[in-house]
1. Take the residues in the stretch 84-111 that are aromatic (Phe, Trp, Tyr) and in contact (Cβ under 8 Å) with a residue 40 or more places away in the chain; name whichever of them is nearest to Asn125 (Cα to Cα).
2. Across the stretch 146-157, which residue is least open to solvent (accessible area, probe 1.4 Å) among those that are under 17 Å from Asp77 (Cα atoms) and either modelled with pLDDT of 70 or more or not in a helix (DSSP H, G or I) (or both)?
3. Under 6 Å between Cβ atoms, at least 6 apart or on separate chains: pull out the pairs that start in the stretch 40-67 with a residue that is over 19 Å from Leu12 (Cβ atoms) and end on any residue that is of a type outside the set (S, T, N, Q) and open to solvent by 60 Å² or more (accessible area, probe 1.4 Å).
4. If Ser196 passes every condition in (1) modelled with pLDDT under 55; (2) surrounded by 12 or more Cβ atoms within 10 Å (Cβ to Cβ); (3) hydroxyl-bearing (Ser, Thr, Tyr) but one, which one does it miss?
5. Quick one: Ser269 ticks every box in (1) farther than 29 Å from Ala171 by Cβ; (2) touching a strand residue (DSSP E or B) at 6+ places or on another chain (Cβ under 8 Å); (3) assigned to a helix (DSSP H, G or I) except a single one, so which number is it?
6. Select from the stretch 158-180 the residues that are surrounded by 22 or more Cβ atoms within 10 Å (Cβ to Cβ) and either of a type in the set (S, T, N, Q) or in contact with a Gly (Cβ under 7 Å, 6 or more places away or on another chain) (or both) and list them in ascending order.
7. Considering only residues that are open to solvent by 60 Å² or more (accessible area, probe 1.4 Å), modelled with pLDDT under 90 and over 28 Å from Leu47 (Cβ atoms), which ones fall in the stretch 210-260?
8. Take the residues in the stretch 313-337 that are assigned to a helix (DSSP H, G or I) and either under 16 Å from Met22 (Cβ atoms) or free of Cβ contacts under 8 Å to residues at least 24 places away in the same chain (or both); name whichever of them is most open to solvent (accessible area, probe 1.4 Å).
Amino acid sequence: MKPRWTLHIENLGRIRRADVRMAPMMLFVGPNNTGKSYLATLIWGILAKWESFFPEDIPAHPPYEQCKTLLLSYYEDKNKSRLSNLMQDIITCFNYYLDKNKTTFTRSLFTSDTLDIGTLSVSLNETDIANILKDERPEALELGQNRSYTDLHLYITIKSLTGFLLFSEIAHPLYLPASRTGFMISYRELLAGMMSRFGIEKTVSTDLSSPVIHFLKDLIFVQFVKSEAIRQQEHYIEIANSLEHEILEGEIQQYTKPSLGFQYLPNLSETPISLHLSSSLVSEIAPLIIFLKGNIYFNALLFEEPESHLHIQAQRILAKHLVRLVNMDMLISITTH
């Protein structure tokens, strides 16, 4: 099940107003400095951090109390009309928490003490809700069959239903930033500098956005998996191998000594090349190949300027493989000029 919701934004950077209908593949196309990266970053943040909008303790806010009342009523009579109303109220409840936390969330996401956002909300129309419920019954509702629910159970169920409605089974959305060559050459030094300060200061000062920091951390911890991995991961590895064969004419290798890193081995060569000595084509597409071959599972990809440093023929090949990933139920959002 793919997300079908619409994201509403007002007054974020250069974006005066935007209504983004989520789809399996989205392209944000436009000139420089028009807000494409802002949109991609915001979508990554909501996919990655949606659970953090809910309070840690069981709330007593009116939108939540309404959801709880409808959920209890549904448990009593299993009326399908109540279920539809419950889903609408869950969206209202989530928007309540989005609005309460929008400034803190946005500033944390973009690493800024001054960035503000006017409106941040999501919507799901009645037809979408009906289709979602027709396609799949939310497992969270089954927990209420034994009638032994507590306030904690009800809260967990409402959060689970929010995830079911809006985010399906999105796990670890991956963000591939622009200027990947610079990050691939310097990511270990960047993180080493940040980690050297960890524990000395309460916060680590950085101008990097939250998805870029996660991208760098993932590069540190990713490990290539063998072909006998889970079936879906095997398909990812096959796409990575195909990209290497059709575009790189070589392969990206992972080494562990003297420290963990990556290198490029051209076809018909026995000598690997450091990424900082390889062409920008190699270093720009290497991150995608690394994560397709790696053990960090993701099924949502936010990809900035995938065409960067690629010849038009290589762009066509990459586009073909991105569509293959969409057909494997990966959610893909692209920013491009």
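The values are calculated or read from the model by the stated rules, or taken from the named source; none is laboratory data. This structure is a prediction, so every number in the text was calculated from the model and none was measured. In this analysis, Cβ positions are derived from the backbone assuming ideal geometry, glycine residues included, and neighbour counts consider all displayed protein chains. Surface areas here come from the heavy atoms of the whole protein model, side chains and all, with no ligands, DNA or RNA. Shrake-Rupley method; radii C 1.70, N 1.55, O 1.52, S 1.80 Å.
1. Phe94
2. Once the filter is applied, the top-ranked residue is Leu154.
3. Ile58/Asp151; Pro63/Tyr96
4. All conditions are met except number (2).
5. Answer for Ser269: the failing condition is (3).
6. Once the filter is applied, which keeps residues that are surrounded by 22 or more Cβ atoms within 10 Å (Cβ to Cβ) and either of a type in the set (S, T, N, Q) or in contact with a Gly (Cβ under 7 Å, 6 or more places away or on another chain) (or both), the stretch 158-180 yields only Thr162.
7. Answer for the stretch 210-260, where residues must be open to solvent by 60 Å² or more (accessible area, probe 1.4 Å), modelled with pLDDT under 90 and over 28 Å from Leu47 (Cβ atoms): Lys226, Ser227, Glu228, Thr256, Lys257, Pro258.
8. Of everything passing the filter in the stretch 313-337, Arg316 is most open to solvent (accessible area, probe 1.4 Å).
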